[in-house]
Amino acid sequence: MLENALRFSHTLLKNTISQGDIVVDATVGNGSDTVLLAKLVGTNGKVYGFDVQKKAIETTKEKLIYTNLHQQVELYQQGHETLGEIIDPKIPVSGAIFNLGYLPKSDKSIITRSSTTLKAISTLLPLLRKGSLLIIVVYYGHEGGEEEKDAVLEYVSQLPQKEYSTLKYGFINQKNYPPFLLAVEKLV
Ligand code: SAM
């Protein structure tokens, strides 16, 4: 019944993203969020996807071609902290998702890090259109994860209440660092 953080992130994306929208997958990984976003925005929309790993970009590109969703996706093998160089600030972004941590079944030393994650979040927030969500699924059980979790939590907790609503969602009685979700809604 109760959705875990990952499933809830998909529910929120499905509820807030429409055909023709411009959206961002800040951590492409194996591409499951990218595929969902590409379906939601359709051929008139656009997904900007970022990942530092070649393997992530290649796997996702293959998935998108296989599912015929590649036309509406631009993948960049570069850090999400550079997204301001790619995305036109004049075009409002209708949603964004981050999955923090490392790529499952891959090199566990390549992780998202607080300095670059915060740079990406702070670059994205002004680009979001009113009523849209920036979603962060926070995995923090790995080395380095706790530091990033604390930094991201502190950053989103201090966003001005008149401009943003920030939600924290997750199970509180599970062992082994269950991921939790942060959703920031742009109010104005
Ligand atoms: N959403 C993905 C999926 O559906 O499979 C999972 C993402 S995984 C938890 C985190 C990803 O962030 C890894 O693939 C890693 O390479 C990537 N990453 C690490 N640092 C990054 C950065 N600065 N910019 C973009 N991606 C980064």
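The table below gives the values:
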read-out: Every pair of residues 6+ apart whose Cβ atoms lie under 9 Å, when the first sits in the range 150-176 and is closer than 18 Å to TYR139 by Cβ while the second is of a type in the set (Gly, Ala, Ser) and open to solvent by 80 Å² or more (accessible area, probe 1.4 Å); value: ALA151/SER115; LYS168/SER157
read-out: Test: GLU85 is more than 18 Å from the chain's Cα centre (by Cα) and more than 20 Å from LEU13 (Cβ to Cβ); value: no
read-out: Some residue of the range 131-146 being farther than 30 Å from GLN174 by Cβ and of a type in the set (A, V, I, L, M, F, W, C); value: no
read-out: One residue from ILE86, ILE121, ILE97 being more than 11 Å from the ligand (Cβ to nearest atom), touching a residue at least 24 places away in the same chain (Cβ under 8 Å) and within 22 Å of THR60 (Cα to Cα); value: ILE86
read-out: Residue in the range 26-62 that is most open to solvent (accessible area, probe 1.4 Å), counting only those that are assigned to a strand (DSSP E or B) and either of a type outside the set (D, E, K, R) or within 8 Å of the ligand (Cβ to nearest atom) (or both); value: TYR48
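Rundown of residues vs (1) touching a helix residue (DSSP H, G or I) at 6+ places or on another chain (Cβ under 8 Å); (2) modelled with pLDDT of 95 or more; (3) over 21 Å from LEU134 (Cα atoms), yes/no style:
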{"residue": "LEU40", "(1), (2), (3)": "yes, yes, no"}
{"residue": "GLY45", "(1), (2), (3)": "yes, yes, no"}
{"residue": "TYR48", "(1), (2), (3)": "yes, yes, no"}
{"residue": "LYS54", "(1), (2), (3)": "no, yes, yes"}
{"residue": "ILE57", "(1), (2), (3)": "no, yes, yes"}
{"residue": "LEU64", "(1), (2), (3)": "yes, yes, yes"}
{"residue": "THR67", "(1), (2), (3)": "yes, yes, yes"}
{"residue": "GLN72", "(1), (2), (3)": "yes, yes, no"}
{"residue": "ILE86", "(1), (2), (3)": "no, yes, no"}
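The values are calculated or read from the model by the stated rules, or taken from the named source; none is laboratory data. These numbers were taken from a predicted model, which means no experiment stands behind them. We place every Cβ from the backbone using ideal geometry, glycine too, and count neighbours over all the protein chains shown. Heads up: the accessible areas ignore ligands, DNA and RNA and are worked out on the full protein's heavy atoms, side chains in. Shrake-Rupley method; radii C 1.70, N 1.55, O 1.52, S 1.80 Å.
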